Structure formats: structure tokens, C-alpha cells
1. Restricting to the stretch 98-132, what's the tally of residues that are in a loop (DSSP other than H, G, I, E, B) and among the β-branched types (V, I, T)?
2. Among V219, V202, V172, which is aliphatic (A, V, I, L, M), in contact (Cβ under 8 Å) with a residue 60 or more places away in the chain and either part of a strand (DSSP E or B) or surrounded by 18 or more Cβ atoms within 10 Å (Cβ to Cβ) (or both)?
3. Checking the structure you have, find out if any residue of the stretch 119-127 is surrounded by 20 or more Cβ atoms within 10 Å (Cβ to Cβ) and in contact with a Phe, Trp or Tyr (Cβ under 8 Å, 6 or more places away or on another chain).
4. Restrict the check to the stretch 236-247 and report whether at least one residue is of a type in the set (K, R) and at pLDDT 95 or above.
5. Determine which member of the set L66, L71, L85 is buried (at least 19 other Cβ atoms within 10 Å of the Cβ) and either farther than 24 Å from K151 by Cα or touching a residue at least 60 places away in the same chain (Cβ under 8 Å) (or both).
6. Closer than 27 Å to Q207 by Cβ and surrounded by fewer than 22 Cβ atoms within 10 Å (Cβ to Cβ): does that describe N258?
7. What is the one condition in (1) within 26 Å of E29 (Cβ to Cβ); (2) surrounded by 17 or more Cβ atoms within 10 Å (Cβ to Cβ) that P103 does not satisfy?
Amino acid sequence: MSTRQCPETITITSQADIRNASLAACKQEQGFNQLTIQTGADGLSFDNFTGGFNISVVSSPQLQVLVFPDLTALQHLVVSDAPALTQIELPKLRADAETLVYPVTYTFTPSIEISDALQFGGLSLPALTALGDLEVSHVPRRQLTSGGLSKITTADSIASDNNLAYPGLASVGTLQLTGYDGCSFFLPNLSSVVDFSFTNAVNSKLQTAAALTIDGSFVLDTATYRRTANETTDEFASRSSSVGNTIDVSNITTVAVNATIRSNANTHIDISKLTTIGGAFSIMNNTNCTIDVTKLSQAGTLSIVDNTDSVIPQLFNLARADSIHLRGNIDTSSGPNILPSLTFVSGSVTIEAWNADFNCSRLVSQQQQGLINNLQCNGTSNGTSSSLSTPSSPSSADASSQSSQGLSSGAWAGIGVGIGLVVIGLLGGAVWLFLYFRRRFAALEASASSRQPDPSTIASSPERQAGVGQQQQQYYSPSHPEMDDTTLNDDDYSNSRREIYEVDNSGMKVEKPAYPIDVAHELYVPPAELPVTQPRRFNQE
């Protein structure tokens, strides 16, 4: 192996290993691939190590302090199973520093993961301006990010179940916070998050910029979370007396995709600055909660259902939604006008009030005005002959399906368009038939006139002069050019039109063979006179 090459894997068990001459190629201008710390020492200092890919701290029960005074470039730091570790110092670590891991030069955005460090006190990263992924879990609740974090402005993701203090942080890709009573997340300049989830937030304190925009999705919920034995709040006075049972996420103004508030209990949820949700907004399965969303003006699919011992939040500023589904206790103190600012709902509005005194009359009026496309409401004055049962009734599902208030404005519009198309079709058909028969009659007239004989071209013939009593008559016809040399006198022309027909033995007036007219007319033939015969005589013997 060349002296210019650092070993692929380095394992450090003591300070003597760090000073080993064999690691000279891993220091100064050249970095390392994998550095693993597994020691019984209480402190280690990695002088002259300037950069590398990965540092892992494992199975180091006595280690308390870990220092990298010269490290400027690092891809990933992982600390686990170091129960006595209190401090990690990386004073020169930067996001734009380069390191040579032979034979390639790299630039890293550091990622840090710390778990099960039961005495951990914090990180010192005074030169770092950007983080990759930061994950801090199962550390004592007194953990504070102590010292030198004000320059960090961006992070790809942050996941923490403990106190955080990043005063300069402005934007995060994915933010996952798990709180507890008295926990503090100090992020006063945070204004943009892609995806934000906040779990067990009751009486936790979240401090952000005055307007926090969620460019992806937001989830606020409660879930069972494992805590280690020494994760106590003995180091802090409980803040429940001053904060109260509150979840304060009031600085959130916009959620671009979906928002979900679920499974919270016995608390007031303040999200009062939220105005716009681009996707679905779901509030469900909360117990004994009050929720402030009074400034909400636009949402995709709005669903507020099954919140036990809770009142459906007021939606006085809601103007537009794709659809609305409310199931629960509805506040009737302000009357039936629960959506006073509504301008349009493209889908359906379904109201399943658990309280029997809710009145649907205002919603019915809004549907009749065309503001609601389709309405189902189980309260009183819902536009049907009788009120529908409440959702607690076994037949509530069937009843709600019958509560549609007649035809919607969209249905009437469809009917009007259909009638208009039918009328246009009928008019078009009538015009076409008129023009068609007009052309047809004109063609028939032209054909009939072309078949009439020209008196100047009709010649007389012996048969013509013989009179009408003869069986066959010759006459001019365009189809008989052999008769072109025959003429008729003008005096005889008046009879010529009659002489082109004959009466056969059946009593039918038909065209004579020499004049092909494709019509036949039945003539009235008077009854023939019976012949006079001698009466028959019968012999009587």
C-alpha cells in the first residue's frame, strides 16, 4: 500500500491510535473513508484530521467529550450507544469545504445522527451554514444545541424529539418534531418548510417566523412514543401552568398540499393564521378539542368528522372548496349561517349534524343561488318534506342519501343545454328537408318538361291520319329517331296528346308502346251495354 493512501477503514480505541504514524496518510490534505470510534477512554481529540466520509461512534460507554479541532469536511457523523457522551465539538466544519479521498476531491453537506446518548448536552458547530440531515432522538430532555449554531440557515431535514435552538435556520426540507410538556423548539427565523409533522405537541413551544409557509404537507397528531428511563423533566420546571393545554402553530399561513389534524385530546389547537390549503384538509378523531381556523378561506377537500366531545370549528371566512364534509356537533349560537363567506363549492356539501337543532335553511338557500353544487344536510328545514335522522341513528346513511335538495344548478344548466341542442337539431332537420324536396320537385318538373313532344317536330303519318280508332298509332318521340320525318298539322296537335295513350282490355289507360311515359292512369270505363239476345225458350213436356 502506498504511503499516500489512507486505509479504507480506521478503528480508534485510544488517543494513542490517533497519534499512530500509520495514519499519517489520513491527515492534513488527504481524507478518510470510514473512521470508527470504539473506545473505553473518556475523551478523544482528532488533531490534524481535516476531512472524510463517515465517522461512527459505537460501544463507547465512558466517552464524554469528542473533539475534531481541524475537521472541515464531513459527509456523515453517527453517534449511538455512547451513554456518557455530553459534547461533540466540530469548530471548523463547513458545508463548502473540500477534501481529497484519494484520488477524488469531494465537497459535502454534513449530516448528523445522534441517538441513545443518555447524557448528551449538545453540538458545537460555529462555522457550519448548511446541514444535510439532522436526527436527534432518545437523548435526555435537558439536551440543548449549545453554542455556535446561529449560522445554520438551511437543512435538508431535521428530526428531533428534544429541545432545539437554531436561531438562524430559515428553511428546511422535512421537519419532524416530537414534543412533550415543556419542550422548546426555538426556530425564530424559520419561514419555509416543505413537509412538517408535529407529534405530541401539547404544551410544547414552537417559535418560528411570523409567517410560516408549508410547501408540501402538514400533520399534527398524537402518537405513542418510546422514551428511555432517564428522559425526565426534572431539569426543567413544568411549563403547563403558563402555556396551558395548547398547541400553538398559529404562524402557519399556507399549506400547499394536504393538512391533517388527528388524534389530539384535551387541548386547544391554534392555527388561526392559516388561510389557504391547496389539497385536502382533514380534522378527525380528536377528543375534547377546540380548533381555531377562523381565517381559512380556501381548501381542496375539507373533512371535519368524528371529533368526540368537540365542536366543529367555525368557518366564517371559507370562500371556496372542492367539497365539504362536516360530521359532528355544530355550533348553532350564530344561527344556520355556518358558511357566510361561501362563493362556490364545485363538489358536494355533506352535513351530518350530531345536534338535532341544526337548521339547514341557509345552506339550502346557498344551493339555490348556485353556490353549492350538491347538498346533503340532515338538519331541519333541509328542503325535504321531513327532517332526516341524525348520524347516530342506524338509518342515517340511507337518510343522508335522500336529503339532496332537488336538482342542482348544474343539473338545470345541463337540461337547458340539452333542450337547446334538440331545438337546433329539429330546425336544422326541417331546413334540410325543405331544401331537399324543393330541389327534388324542381328536378321532376325539369324532367317532365323535357319529355313533352315539340309540335314543330311532330310529322304526320298515315296512321295519324287514320284516326284514333286504330289499335296502334305512330308519333314522334325522342326515343324513336326513325320518326323524325313525320309531321303533324297544327290542327291535329290538339288531339296528339290524347293519341299517345290507349285503353287495353283491362280498362286501364296506359302509354302506347311508342311513347314511354312511366306512368299509368286508370280511366273510368262505362259499363258496356249488354247484348240483346233472344229469350231462351224452354220446352215444357
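The values are calculated or read from the model by the stated rules, or taken from the named source; none is laboratory data. The structure presented is a predicted model; accordingly, all values stated were derived computationally and were not measured. No Cβ is skipped: glycine too gets one built from the backbone with ideal geometry, and neighbour counts run over all protein chains shown. For the accessible areas, the whole protein counts, side chains as well, though only heavy atoms, and no ligand, DNA or RNA atoms are used. Shrake-Rupley method; radii C 1.70, N 1.55, O 1.52, S 1.80 Å.
1. The number of residues fulfilling the criteria is 2.
2. V202
3. No, the stretch 119-127 has no match at all.
4. Within the stretch 236-247 (the criterion being of a type in the set (K, R) and at pLDDT 95 or above), the answer is no, since none of the residues qualifies.
5. L85
6. yes
7. Result: P103 fails condition (2) only.
Listed here are the residues, each with its yes/no results for (1) out of contact with any strand residue (DSSP E or B) (no Cβ under 6 Å at 6 or more places or on another chain); (2) open to solvent by less than 10 Å² (accessible area, probe 1.4 Å).
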residue	(1), (2)
L274	no, yes
S282	no, no
N286	yes, yes
D292	no, no
Q298	no, no
N307	no, no
P313	no, no
